[in-house]
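Below you'll find the structure, written out as structure tokens, and then a few comments.
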Amino acid sequence: MKISSRFSVAIHILALLKMTSRKIPTSAYIGSSVNTNPVVIRRILGMLKDAELVAIKRGTGGAYLLLSTDDITLLDVYNAVIANSESDLFNKQANPNYDCPIGANIQSVVEPAMLAAQEAMQFELAKVTITDITNQLNQNIERQDY
């Protein structure tokens, strides 16, 4: 199972907000960098706004960071854009056959490993900030000709 692309797009948005020379980039401008429709950008910006990571300027439009990128971790981004119903990395089997000894017990046997994997992922995401991402982006950009 893959994590929703909202996560990587949200990271892209936050990195762009940190790195752009535009004071308050619009969803159209951000969408051109992400290569997606501004409507998608506005939807994800709304999620980031609800998580109090960005603010959105009404009227002429645009978005800006509310926090220092030193204070925004990838775990914060993950929690902001992955809805609660999707926040578990692994989905449970919907309807195992409880009349079968394997079906009746499989979830309780597998769930601890799945939970440990999710906790490990979250631990790793918490160690990386948007500043870390933008620093690496700057290094990559400096090595390339644009």
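A few notes on this one:
- For the chain, the per residue solvent-accessible surface stands at 64 Å², with DNA, RNA and ligands left out and a 1.4 Å probe.
- Result for the chain in a Gaussian network model with C-alpha springs under 10 Å: among ALA117, ALA63, ALA55, the largest mean-square fluctuation is at ALA117.
- Once Cα extents along the principal axes in Å is calculated for the structure shown, the corresponding label among (1) 54, 49, 28; (2) 62, 35, 27; (3) 68, 24, 21 turns out to be (2).
- Along its principal axes, the stretch 18-63 has C-alpha extents of 23, 22, 21 angstrom, given from the largest down.
- Counting only residues at least eight positions apart within a chain, or on another chain, the aspartates and glutamates with an alpha carbon under 20 Å from that of LYS49 are ASP70, ASP71, ASP76, GLU86.
- Residue-averaged 222 nm ellipticity for the chain, from DSSP H runs of 4+ at -39500 (n - 2.57), nearest 500: -18500 deg cm²/dmol
- Peptides 11-20, 38-47, 124-133 ranked from most to least packed, by the mean per-residue count of other Cβ atoms within 10 Å: 11-20, 38-47, 124-133.
- Accessible-area composition of the stretch 1-111, carbon plus sulfur, in percent [1.4 Å probe]: 50 percent
- The stretch 51-134, relative contact order in percent, only Cα pairs under 8 angstrom and at least six apart counted: 38 percent
- Relative contact order (%) - criterion: Cα under 8 Å, at least six apart; region: the chain: 27 percent
- Three principal axis extents describe the C-alpha atoms of the stretch 68-131; from largest down they are 54, 19, 8 Å.
- ³J(HN,Hα), Karplus 6.51/-1.76/1.60, whole Hz, each residue of the stretch 93-108, x for Gly, Pro: 4, 5, 9, x, 7, 6, 7, 9, x, 6, x, 6, 10, 4, 5, 5
The values are calculated or read from the model by the stated rules, or taken from the named source; none is laboratory data. Just so you know, these numbers come straight off a predicted model, no measurement behind them. In this analysis, Cβ positions are derived from the backbone assuming ideal geometry, glycine residues included, and neighbour counts consider all displayed protein chains. To get the accessible areas, we keep the full protein, side chains included, count just its heavy atoms, and leave off ligands, DNA and RNA. Shrake-Rupley method; radii C 1.70, N 1.55, O 1.52, S 1.80 Å.
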